[in-house]
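Okay, so here's the structure we're looking at.
Nothing in this text is a laboratory measurement; each read-out follows from the coordinates by a stated rule. Computed from a predicted structure; not experimentally measured. Here Cβ is always computed from backbone atoms with ideal geometry, including for glycine, and neighbour counts include all displayed protein chains.
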Ligand SMILES: C[S@@+](CC[C@H](N)C(=O)[O-])C[C@H]1O[C@@H](n2cnc3c(N)ncnc32)[C@H](O)[C@@H]1O
């Protein structure tokens, strides 16, 4: 069994490659499989111009039966390689998504949502007596109903102006600078997905450093966004030209700083009770404190209270009382006799605690 190589593109058939990877080793799978568009003739727009549609060999199957067999095989291989709490995303159109959805359920996956990707700039109308296709469907599923999968609910809510994210996403198709073109200006790939779609998917359902597998890697859109967001990717693709384009694309992707992508990273914990300064022997019972002008003084008690004549209270309460204020932050009010503020002493204590934690971890 092959060891998992991170941030790598495997060349070959995804069913074989996935079967060679360790079981339960990836956190999320995004799959953009062949759609089986069944295009037998050219498509034309109303003005008779030719539509740049998918005629690639990799999208052709002899029958629905052969497409279903292929779908079952790759989904089975994907299920084996996915961790028990991992999730699977599959994107498709009306041509294939219902067949894929049935197979997903038959294999034991538990559907969490279907997302409608509403294309804000769909391809123009074909010359045909039906509606313009303006959306694609994504199925998002867990391995079982009991799985404790990742969903970054809070991040999604913040992303959506403090409203719970909905299952219909309005996003443009991949155009402009993002669309890979060869030296003749021809599209490198007929179905390159927009990075914005993967951005939302990865933000919602993975954590930094998670391993994301894309068995139909194409131009590497999943890898590009994974790299940006400090996730690891594994791509599988059978066409050498797409692999080459994806490698070049990935080499130019800049990673966003980790502290900016991890929703669990919070501002450093600043709270420290005053009594800790005594426990840590940075202060001692009997030490004198004063305000900045030196006109107000107090003595440190063994339990962390301050005393001044008949008054005895916390650093905040005594400062407020003696300075005749409704409230007062004792950390910035009191100074040691050497001129150091209590706040500076608190920062020193926090730094010592952090170092202690690091030392404890490394020992
Ligand atoms: C719909 S496209 C994916 C496009 C990709 N999401 C992107 O943004 O560029 C499907 C890709 O899967 C590849 N493919 C099809 N069958 C495959 C197989 N059995 N194993 C590996 N790759 C395959 C095709 O060459 C094609 O690049």
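By DSSP, the beta bridges lying fully in the chain are antiparallel in about 60 percent of cases.
Relative contact order for the chain: 15 percent, from Cα pairs under 8 Å spaced at least 6 residues apart, divided by residue count.
Grab the eigenvalues of the alpha-carbon gyration tensor for the stretch 273-312, scale each by 5, take roots, and send me the semi-axes largest first in whole angstrom. Let's see the in-between values first.
Numbers: eigenvalues 66, 28, 11 Å².
Computed over the stretch 273-312, the values are 18, 12, 8 Å.
Counting 0.36 nm for each residue step from residue 7 to residue 157 and taking away their Cα separation leaves a gain of 51.1 nm. Cα extents for the stretch 99-148 along the principal axes, largest to smallest and rounded to whole angstrom: 46, 21, 10. If you run the Gaussian network model on the chain, springs between alpha carbon atoms under 10 Å, then out of 28, 258, 280 the most flexible one is 280.
Is the chain rounded, prolate or oblate when judged by the Cα gyration tensor, a ≥ b ≥ c being the square roots of its eigenvalues, rounded requiring a/c under 1.5 and prolate requiring a/b larger than b/c?
Working: a/c = 3.20, a/b = 2.68, b/c = 1.19.
Prolate, since a/c reaches 1.5 and a/b exceeds b/c.
If the segment from residue 262 to residue 348 were pulled out straight at 0.36 nm per residue, it would be longer than the present Cα-Cα gap by 28.3 nm. Sorting the segments 177-184, 245-252 by their mean number of nearby beta carbons within 10 angstrom, highest to lowest, gives 245-252, 177-184.
In the elastic network of the chain, a GNM with C-alpha springs shorter than 10 Å, the most mobile of 98, 274, 109 is 274. D by Stokes-Einstein for the stretch 205-339, Kirkwood Rh over Cα pairs, 20 °C, 1.002 mPa s: 109 µm²/s.
Subtracting the Cα-Cα distance of residue 308 and residue 121 from 0.36 nm times their residue separation leaves 60.0 nm of extension gain.
Mean-square fluctuations from a GNM of the chain, with a 10 angstrom spring cutoff on Cα atoms, peak among 293, 93, 196 at 293.
Highest mean packing comes first when the peptides 338-345, 1-8 are listed by Cβ atoms within 10 Å, giving 338-345, 1-8. Taking every Cα-Cα distance in the stretch 275-362 and sorting them into 10 Å bins from zero, the calculated P(r) comes out as 17, 49, 23, 9, 2 percent.
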